Amino acid sequence: MLRSAPVDGFRLAYDRSGSGPPAVLLHGWPGDHRDWKAVRELLGNGTNVVAPDLRGFGESDKHARDPRDSYSAAAQADSVLGLIEELGLERPVIAGYDVGSRVAQQLARAAPESVRAIVVAPPLPGVGDRVLGERAQREFWYQAFHQLPLSEQLVDGDQRAVRAYLEHFWAHWSGPSFRIEDAELDRLAELYGAPGAFTASIAWYRAGSGTVATSLAERPPPPEQRIATPTTVLWPEHDPLFPPEWGDRLSEFFGRVSVESLTGAGHFSPLEAAPGFAAAIRAALED
């Protein structure tokens, strides 16, 4: 993998392929840049595709710092924007899901002049206090767990424990027809199982960037402060974290937004519905 120049002391590892109009693909937890392998193949050589590991993930830098300063959505977006500028990417489409979706939205807010469009799957704004409902809390327990030192003590540095922990989410969050390959789960367990790697990955939640904290704090902005960047939302049919009915308030947060359903897909939408994601990115590049 290639490595970026440092931003706030963090260097991002990234893959780059193809040429033509640019797209930056942002992964989720618990994954890395390879979440986008199938989408990249579908986009082909006619798209200049950059897929980084975000701060604290994969082969990118991991520093023991205050998460709110170094691992928040704003901090992650700073590193991605630095990479865009370093590579001379002219107004790329930013695609993301899970953590990557939040970072893509932050880029559209903070640097709209640098972003052509965003193509994102949940999480999205508009959830509000529905995140406190009984069904939702059965799903989002892990975000409170990640705040506890106990999560490090039980999981960090123990590759067997990391594998079991990650396997739970990859199995539970996916749609009915998807199963992560054992070899890929082994690869992720090795990455997340290195000493300090699991703790770095959950710094996102400790920064207050998880869905529970974000949803409870969000308020619809005035119309002039809505995200003006053209936005395509791809909503999976079978995501247990984000039911489709939670997309009912998107127009309160986005100025130009369209919603498409990913039939049959669960939370890991770039892997489960790669053709739909690739088609939406291609349409945004051509618009």
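Listed values, structure above:
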quantity: Sole residue being modelled with pLDDT under 95 and closer than 24 Å to Val131 by Cα, chosen from Ala265, Ala213; calculated: Ala213
quantity: Some residue of segment 184-192 being open to solvent by 20 Å² or more (accessible area, probe 1.4 Å), of a type in the set (Gly, Ala, Ser) and over 21 Å from Ser261 (Cα atoms); calculated: no
quantity: Residue in segment 48-61 that is touching a residue at least 24 places away in the same chain (Cβ under 8 Å) and more than 23 Å from Pro270 (Cα to Cα) present; calculated: yes
quantity: Test: residue in segment 39-47 that is more than 27 Å from Leu185 (Cβ to Cβ), in contact with an Asp or Glu (Cβ under 9 Å, 6 or more places away or on another chain) and modelled with pLDDT of 95 or more; calculated: no
quantity: Close pairs (6 angstrom Cβ cut-off, 6 or more residues apart or separate chains): over 20 Å from Asp35 (Cα atoms) in segment 254-273, at pLDDT 95 or above and in a loop (DSSP other than H, G, I, E, B) anywhere; calculated: Phe254/Arg226; Gly255/Arg226; Gly255/Ala228; Arg256/Pro230
quantity: Unique match (being surrounded by fewer than 16 Cβ atoms within 10 Å (Cβ to Cβ) and of a type in the set (Gly, Ala, Ser)) among Ala284, Ala217, Ala200, Ala280; calculated: Ala217
quantity: Considering residues of segment 143-164 that are in contact (Cβ under 8 Å) with a residue 60 or more places away in the chain and part of a helix (DSSP H, G or I) only, the residue least open to solvent (accessible area, probe 1.4 Å); calculated: Gln143
quantity: All positions within segment 245-277 that are open to solvent by 70 Å² or more (accessible area, probe 1.4 Å), closer than 30 Å to Gln225 by Cβ and not hydroxyl-bearing (Ser, Thr, Tyr); calculated: Glu245, Asp248, Arg256, Val259, Glu260
quantity: Which numbered condition Val212 fails, given (1) in contact with a Pro (Cβ under 7 Å, 6 or more places away or on another chain); (2) surrounded by 18 or more Cβ atoms within 10 Å (Cβ to Cβ); calculated: (1)
quantity: Complete set of residues in segment 91-115 that are open to solvent by 10 Å² or more (accessible area, probe 1.4 Å) and either in contact with an Asp or Glu (Cβ under 6 Å, 6 or more places away or on another chain) or among the polar types (S, T, N, Q) (or both); calculated: Gln106, Ser114
quantity: Failed criterion for Ala171 (all others in (1) open to solvent by less than 60 Å² (accessible area, probe 1.4 Å); (2) without any contact (Cβ under 8 Å) to a residue 40 or more places away in the chain hold); calculated: (1)
quantity: Set Ser215, Ser177: member being of a type outside the set (A, V, I, L, M) and either touching a Leu at 6+ places or on another chain (Cβ under 8 Å) or outside any helix (DSSP H, G or I) (or both); calculated: Ser177
quantity: Residue in segment 116-135 that is open to solvent by 40 Å² or more (accessible area, probe 1.4 Å), over 30 Å from Glu224 (Cβ atoms) and without any contact (Cβ under 8 Å) to a residue 12 or more places away in the chain present; calculated: yes
quantity: Meets criteria (open to solvent by 30 Å² or more (accessible area, probe 1.4 Å) and either in a helix (DSSP H, G or I) or closer than 14 Å to Ala23 by Cα (or both)) for Ala74; calculated: yes
quantity: Members of segment 194-237 found to be more than 22 Å from Ser258 (Cβ to Cβ) and basic (Lys, Arg), listed by number; calculated: Arg206, Arg219
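Residues are listed down the side, and each one gets a yes or a no for (1) under 18 Å from the mean Cα position of the chain (by Cα); (2) aliphatic (A, V, I, L, M):
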{"site": "Trp170", "(1), (2)": "yes, no"}
{"site": "Pro176", "(1), (2)": "no, no"}
{"site": "Ala189", "(1), (2)": "no, yes"}
{"site": "Phe198", "(1), (2)": "yes, no"}
{"site": "Leu216", "(1), (2)": "no, yes"}
{"site": "Arg219", "(1), (2)": "no, no"}
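The values are calculated or read from the model by the stated rules, or taken from the named source; none is laboratory data. Predicted model, so just to flag it, every value in this text is computed and none were measured. Every residue, glycine as well, gets a Cβ built from its backbone with ideal geometry; the counts of neighbours run over all protein chains shown. The area values use the complete protein model at the heavy-atom level, side chains included, leaving out ligands, DNA and RNA. Shrake-Rupley method; radii C 1.70, N 1.55, O 1.52, S 1.80 Å.
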